[in-house]
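Below is one structure; the comments refer to it alone.
The values are calculated or read from the model by the stated rules, or taken from the named source; none is laboratory data. This one's a predicted model, so the numbers in the text were calculated from it and none came from an experiment. Cβ: placed from backbone, ideal geometry, glycine included. Neighbour counts: every protein chain shown.
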């Protein structure tokens, strides 16, 4: 059953291994039955919601639980605002879906789920580091990282255009567990060379400099800054803008932004997708959503797309990430059933079934689930998203923009799009000294 209804806008919160080896055991009692209300992210891929509903129905019938499911869109921040409203009202769904910073923002309203996460880690390997940063507060897991919606945002490039300009994307990142010499040459300096060629060809790379509606760019530029070791804060909360690494990064940015689209500052998260699908861009940073829409609406573009790992900088290769979580509210009267459902949905069989249904868009956050066949077989062309997950041979690390700071500060840096704004000011002609002075004033406001 699917319920729907309006939720008034409420003011959001500030935006922002012995045990592991033990099996998770919930002994079902009368209290574990009853009713359970679940809110899932409304998956953009057709059929994604259907398989989730089917799995919930199967579990509910077996466990004699009356489960009602809502699929809530992330558009217009509705998923986030509904979760905040329920946390404040202390009523609503038992199990809720949170995106990236949202789980941190209301973690005090969530029941601990250490038993679920430790069980999953023991069975399926370590969890992604950025997921742990967001959902493990004071050594307590407050939500379970889920595959549903979790993504990376690596480059997706036009095979024919790059090959014409001397770079074979498919050979550089093949559909097999192999590190190639060409991967070592794929650096931010190399990207800039091709960005200039694309600009000259009228196929500007689809890179934006928008504000908080341009999270694709926020995530991409966070990875760029990390690749140069350019941080906003240190672990003690001190501002770290006046460093050689930041200067080196911004000197690179001065050259790179010359090849950004003229309307980059007005980009939102749909702009780069449209640029690729329309055939007006040779490369974007995005999960496979743009490719999937091209497959439907512009098949000639889709069969010419290849997803591969981001370029490397002086401090390494960093991949933008975005993670979804499932949490159980403290006000829930059926927390045990909520945990049981989450555990069931995160078992490999269910995760892989859902991933197959969404053409490999969802990325499991546990290391031993990154071998699903879907990434090898999805097409066109075959294996186009094989390198979408972070693979060990990519020699890459996950990146969450501003995560060098503590979450209470980092969420403000992220939501104010400080990285984007610094780069936009440089594109407008401000000096590095002026940009750092502006950023320092902004960051000082976050720590007061």
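Structure summary
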item	result
Filter pass, residue 222 being outside the structural domain of residue 341 (by TED's automatic domain parsing), buried (at least 21 other Cβ atoms within 10 Å of the Cβ) and assigned to a helix (DSSP H, G or I)	yes
Residue match in segment 202-210 (condition: surrounded by fewer than 24 Cβ atoms within 10 Å (Cβ to Cβ) and on the phi > 0 side of the Ramachandran plot)	yes
Number of the exception - residue 439 against (1) under 21 Å from the mean Cα position of the chain (by Cα); (2) at pLDDT 95 or above; (3) not assigned by TED's automatic domain parsing to the domain that holds residue 48	(1)
Any hit, segment 88-101, residues being part of a helix (DSSP H, G or I), in the same structural domain as residue 363 (by TED's automatic domain parsing) and modelled with pLDDT under 95	no
Hey, residue 352 surrounded by fewer than 24 Cβ atoms within 10 Å (Cβ to Cβ), at pLDDT 95 or above, part of a helix (DSSP H, G or I) and within 19 Å of the chain's Cα centre (by Cα) or not	yes
Selected residue [at pLDDT below 95, assigned by TED's automatic domain parsing to the domain that holds residue 119 and at positive phi] from 31, 74, 47	47
Single unsatisfied condition, residue 429 versus (1) outside any loop (DSSP other than H, G, I, E, B); (2) at pLDDT 95 or above	(1)
Residue satisfying condition, being at pLDDT 95 or above, part of a loop (DSSP other than H, G, I, E, B) and crowded, with 19+ Cβ neighbours inside 10 Å, within set 385, 413	385
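Yes/no matrix, rows are residues, columns are (1) modelled with pLDDT of 95 or more; (2) assigned by TED's automatic domain parsing to the domain that holds residue 313:
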{"position": "129", "(1), (2)": "no, no"}
{"position": "146", "(1), (2)": "yes, no"}
{"position": "160", "(1), (2)": "yes, yes"}
{"position": "191", "(1), (2)": "yes, yes"}
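Residue by residue, here is whether (1) within 24 Å of the chain's Cα centre (by Cα); (2) surrounded by 19 or more Cβ atoms within 10 Å (Cβ to Cβ); (3) assigned by TED's automatic domain parsing to the domain that holds residue 360; (4) modelled with pLDDT of 95 or more holds:
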{"position": "244", "(1), (2), (3), (4)": "no, no, no, yes"}
{"position": "247", "(1), (2), (3), (4)": "no, no, no, yes"}
{"position": "253", "(1), (2), (3), (4)": "yes, yes, no, yes"}
{"position": "259", "(1), (2), (3), (4)": "no, yes, no, yes"}
{"position": "273", "(1), (2), (3), (4)": "yes, yes, no, yes"}
{"position": "276", "(1), (2), (3), (4)": "yes, yes, no, yes"}
{"position": "296", "(1), (2), (3), (4)": "yes, no, no, no"}
{"position": "299", "(1), (2), (3), (4)": "no, no, no, yes"}
{"position": "305", "(1), (2), (3), (4)": "yes, yes, no, yes"}
